[in-house]
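Visitor: Handing you this structure, nothing more for now.
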């Protein structure tokens, strides 16, 4: 049986590096909170984090009741901290947004002929438990060059399925980010976040 999942867009709203750092720290907190709540969580970004900064990410929750979790996280998140990048900068309030994605925003079409699968041996801890088959999968979307890897499952078939889901997640993230910015473009998405009443406030470099 396929578990239903809920997807969230976590975004800096085109804010500065400090807001992108807040996204990265927020994702770490969300991951711990999800595990504590017994939820499955997958985090996808378009590009690898640079210097601990993430402009936006797609969070997929599964495996349980997510209503209480969403109530704690959806909306504007405020981070009160001196800039870790600009020591003399006076500003200490940074804002990011967490938005649930409607079902219609999750639909994405990826043509099978645009995909290239490669298999390779999944790395393991060594010894008798090391995976000696080519079960890991690298999936590349040829037109865009976007690539994902799945090696978590034991079978190549399941890793192919997981790789495709991760590829879809990256496309959903790209499209959702465009829609979020477009939806608020006239007033600027980041200014919208700053004016919103934060659902949660964190302080300091340790994001507490």
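Visitor: What's the ranking of 53-61, 33-41 by average number of surrounding C-beta atoms within 10 Å, highest first?
Guide: 53-61, 33-41
Visitor: Can I ask one more? Could you give the nm distance between label points at residue 175 and residue 80, where each point is 7 Å from its Cα heading toward the beta carbon?
Guide: 4.0
Visitor: If R0 is 22 Å, what FRET efficiency do you get for residue 203 and residue 88 from their C-beta distance, rounded to 0.05?
Guide: Working: r = 20 Å, r/R0 = 0.92.
Approximately 0.65, to the nearest 0.05.
Visitor: Full extension from residue 51 to residue 102: what is 0.36 nm times the residue separation minus their Cα-Cα distance, to one decimal in nm?
Guide: Going from the current span to full extension adds 15.2 nm.
Visitor: In whole angstrom, note down how far apart the Cα centers of segment 20-46 and segment 61-87 are.
Guide: Between the Cα centres of segment 20-46 and segment 61-87 lies a distance of 8 Å.
Visitor: If the chain between residue 68 and residue 37 were fully stretched, how many nm would it gain, using 0.36 nm times the residue separation less the Cα-Cα distance?
Guide: Full extension of this stretch gives 10.2 nm more.
Visitor: Kindly state, to the nearest 0.05, the FRET efficiency for residue 121 paired with residue 155, given R0 = 22 Å and r defined as their beta-carbon distance. Each step should come with its number before you reach the end.
Guide: Working: r = 14 Å, r/R0 = 0.62.
After rounding, the FRET efficiency stands at 0.95.
Just so you know, all these numbers are worked out from the coordinates, no wet-lab data involved. All values reported here derive from a predicted model rather than from experimental measurement. Backbone-built Cβ (ideal geometry, glycine too); neighbour counts: all protein chains shown.
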